[in-house]
Amino acid sequence: MTTDKDISTASGNNAAGKQARPLAPGLHIAATPIGNARDVSLRLLDAFAGADLVLCEDTRETAKLLNIHGISARLESYHEHNAERMRPRILARLADGAAILLVSDAGTPLVSDPGYKLVRDVIAEDHPVTALPGPSSVLAALCVAGLPTDRFFFQGFLPAKQGARARTIAELAPVPATLVILEAAKRIEPTLAALVEGLGPREAAVTRELTKRFEEVRRGTLPDLAKHYAAEGPPRGEVVLVIAPPEELVADDDALDAALKDAMQSQSASRAAADVAKALNMPRKRAYARALELSAADEKSE
């Protein structure tokens, strides 16, 4: 979220007195700065000035950004609590040829922010949908974490309740990609403890207040990070966790056969293959094919 301290350092670009160019009809999805207001794009400033309507999570936050750049725009709230009521009104405006800009308080809309259902309905009504790309805490965190970026999985926020959180982490454990998780700073301690329990000593980074004055990136293993925040207490600000993918384990045929034979003593071939594939970090398809071969061999020998 953009703070008064962060926006005070904004650039001198100012749209006051500038002739606004009308924005093309349709819904425009626009990214706004995640902290430092200097990250605003010239295209976004033009869109703000030329839109018939700007939909915001919190009109007060968007108004701060507009005030910096001397832009006036019609702002209306669009968030999870009023979305059902607002969508028909928005669709009606689009049917009349309006140009509507959708922004979140910070970053890219639809990424852990409202907007998906609106975009779906707009597409169904055959209205144009355009993206104005820009700042994203997810990509910013990936860039500074120092972990693999060729494949990543965005989880968003983990469940707050302990049991649901543990189950979600268990589902994430075999994902062969770097994990990106959003978290409230006040919950960082229990979340890191749960990640240690579910993922083990993976490399990770806790990124905080990205692009802002007190930006911080703390790197280490999950146990080291958990120990640090248990001692220091929760940090302040917005937090994004980046966690390394699981180590690639190459199981030889003997290890695979031994694990499958043991598992199939008490489980079906399908269930045994699923468990072994997860344990050996290998494709389930390969494990299941071998399980069927072993089952067939056993039947012939009887």
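Rule-based calculations on the coordinates, nothing more; no lab input. Treat the numbers as computed from the prediction; the structure is a model and nothing was measured. Because the Cβ atoms are built from the backbone with ideal geometry, glycine has one as well, and the counts that use them run over all protein chains shown.
Taking 0.36 nm per residue of separation and subtracting the current Cα-Cα distance, fully stretching the chain between ASP252 and THR130 would add 39.0 nm. Among 44-55, 178-189, the peptide with the highest mean count of other Cβ atoms within 10 Å heads the list, and the full ranking is 44-55, 178-189.
Measuring against 21 Å, Cα to Cα, the residue pairs LYS64/LYS212; LYS117/LYS212; LYS186/LYS278; LYS64/LYS117; LYS261/LYS285 contain LYS117/LYS212; LYS186/LYS278; LYS64/LYS117 as the ones spanning a longer distance. Would you work out which of LEU75, PRO283, ALA194 lies farthest towards the positive end of the dipole of the chain, given +1 charges on the beta-carbon of Lys and Arg and -1 on that of Asp and Glu, about the Cα centre? The Cα lying farthest towards the positive end belongs to LEU75. Every helix of 4 or more DSSP H residues in the chain counts as -39500 (n - 2.57), and over all residues that averages to -13000 deg cm²/dmol at 222 nm. Summarising the overall dimensions of the chain from its C-alpha atoms, the Rg and Dmax are 24.5, 89 angstrom.
Between helix 162-172 and the chain there is an angle of about 80 degrees, using the helix long axis and the longest principal axis of the Cα atoms. Neighbour counts of C-beta atoms inside 10 Å place SER137, SER104, SER301, SER77 in the sequence SER301, SER77, SER137, SER104, starting with the fewest.
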